[in-house]
Amino acid sequence: MIRRDIPPEFVGVHAASLAPVFSELWVVEDLPFAGGISQLSEVLRSTEECTVGHGIAPAPFRNPMALAMEWATLARLYPGRLSCGIGHGVQSWMAGIGERVDSPLTLLEETTIATRALLEGRDPGVKGRYVEVGGYALEFPPSPAPLVSIGAIGPKTLALSGRVAQGTIIPEGHGPDHIDRAVEVIAASRAAVGQTGPHRLTLFVGFFCGPTEELPPPPSEEMMTSWAAIGESPNEVGDRLGELLETEVDSIVLVPFGDPQSQLELAAIDVLPQLF
């Protein structure tokens, strides 16, 4: 992952250094850091083959038409390399910018349905509680349309993702037990609406190899007690990641604690070769 605290002017160089090793690179869209769309553009421009993911666009301040236009443009410029994520946003952040709504789940559902329809070249015809998009189809829809996932943790959002999205992104802090439960919820939701196509499960995983006292700054107590791939040796961290490979996750995205460059280089050289 391209961590959120990397200054925008260094994002491209950082991405280019990681692309030969990692098949996916994800950018972060957290308030008040760098914008997701501009980071996507820079990472795609600076790399050649890897998939680049948007993790995660907050629905409350992303109009579906604007979001679809931006994603469609990038998907046409870099065919087959874009992966898209939408979430309901951190509610305290949304309140801080005047965009908090009474039903974040409803807004997320309407935004996802409308955005997917636009990316697929269709008029969404959505007239919902929060989203109204009708009478327009994109002039330049991408082919193929990029995969759209929903960022989800709780059962209601996981079920929504199963109904209306093509994938689910589970943020860092959640291990094998949560993944197994999430798979069950998503599968039941998909079955209830007759969804039969593939559904991609992407997992963000906190990562650190080395003595934790060397972390600048030290990780929070929440970070250390939630599920993460943390250990003092590559073998210890590799064993931790190996637990995830026994689940039904399709993609593991490392979120480095500490110095991102050195930690991801360490992962590529000393940890990942143990797993594959």
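No lab work stands behind these numbers, since they all come straight from the coordinates. Here the structure is a predicted model, which means the values were calculated and not measured. Every residue, glycine among them, receives a Cβ derived from its backbone with ideal geometry; neighbour counts consider all protein chains shown.
How large is the direction-averaged shadow of the alpha-carbon convex hull of the range 1-151, in nm²? List each step's numbers first, then the result.
Numbers: hull surface 33.6 nm².
Dividing the Cα hull surface by four gives the mean projection, 8.4 nm².
Mind sorting MET1, MET94 by how few other Cβ atoms lie within 10 Å of their own Cβ, fewest first? Write down the numbers at each step before the final one.
Working: MET1 24, MET94 20.
Starting with the residue having the fewest Cβ neighbours, the order is MET94, MET1.
Against the longest principal axis of the chain, how steep is helix 155-164, in degrees 0 to 90 to the nearest 10, with axes from Cα atoms?
So the helix axis and the longest Cα principal axis differ by about 60 degrees.
Need one number: nm distance between label points at ARG76 and ASN235, each 7 Å from Cα along Cα→Cβ, rounded to one decimal.
Label at ARG76, label at ASN235, 5.5 nm between them.
With everything on Cα atoms, drop me the angle between helix 104-119 and the longest principal axis of the chain, reported from 0 to 90° to the nearest 10.
80 degrees
Which residues' amide hydrogens lie under 5 Å from the amide hydrogen of VAL52, considering only partners 5 or more residues apart or on another chain, with H built in the peptide plane?
Those qualifying (amide H under 5 Å, at least 5 residues apart or on another chain) are LEU25, LEU82, SER83.
Where both residues lie in the chain, what percent of DSSP beta bridges are antiparallel, nearest 5? Intermediate values should be presented prior to the final figure.
Working: 3 of 34 bridges.
Taking every DSSP beta bridge with both residues in the chain, the antiparallel ones total about 10 percent.
Just to confirm a number: summing +1 for Lys and Arg and -1 for Asp and Glu over residues other than TYR130 whose beta-carbon lies under 11 angstrom from that of TYR130, what do you get?
Neighbour charge sum, excluding TYR130 itself: -3.
Equivalent-ellipsoid semi-axes (√(5λ), Cα gyration tensor) for the chain, whole Å, largest first?
Taking √(5λ) for each Cα gyration eigenvalue gives 31, 21, 18 Å.
Sort HIS178, HIS54, HIS199, HIS88 by Cβ crowding within 10 Å, fewest neighbours at the top.
Details: HIS178 16, HIS54 28, HIS199 21, HIS88 25.
Arranged by neighbour count, lowest to highest, HIS178, HIS54, HIS199, HIS88 become HIS178, HIS199, HIS88, HIS54.
Normalised by the number of residues in the range 1-151, what is the relative contact order in percent for Cα pairs under 8 Å and 6+ residues apart? If you can, show how the numbers build up before the last one.
Working: 281 pairs, mean separation 32.1, N = 151.
After rounding, I find 21 percent.
Going by how many other beta carbons lie within 10 Å of each one, how would you line up LEU266, LEU203, fewest first? Present the calculation step by step, with values, prior to reporting the outcome.
Details: LEU266 20, LEU203 24.
Ranked by crowding around the Cβ, least crowded first: LEU266, LEU203.
Rounded to the nearest 500, what is the chain's calculated 222 nm mean residue ellipticity when only DSSP H runs of at least 4 contribute -39500 (n - 2.57) each, over all residues?
Numbers: 10 runs with 109 residues, N = 276.
One gets -12000 deg cm²/dmol as the mean residue ellipticity at 222 nm.
Please compute the Kirkwood hydrodynamic radius over the range 1-50, one decimal place, Å, based on all pairs of different Cα atoms. List each step's numbers first, then the result.
Working: mean 1/r = 0.0939 Å⁻¹.
Kirkwood radius, the range 1-50: 10.6 Å.
Report the local net charge at ALA57: Lys and Arg +1, Asp and Glu -1, summed over other residues whose C-beta lies under 12 Å from its C-beta.
-2
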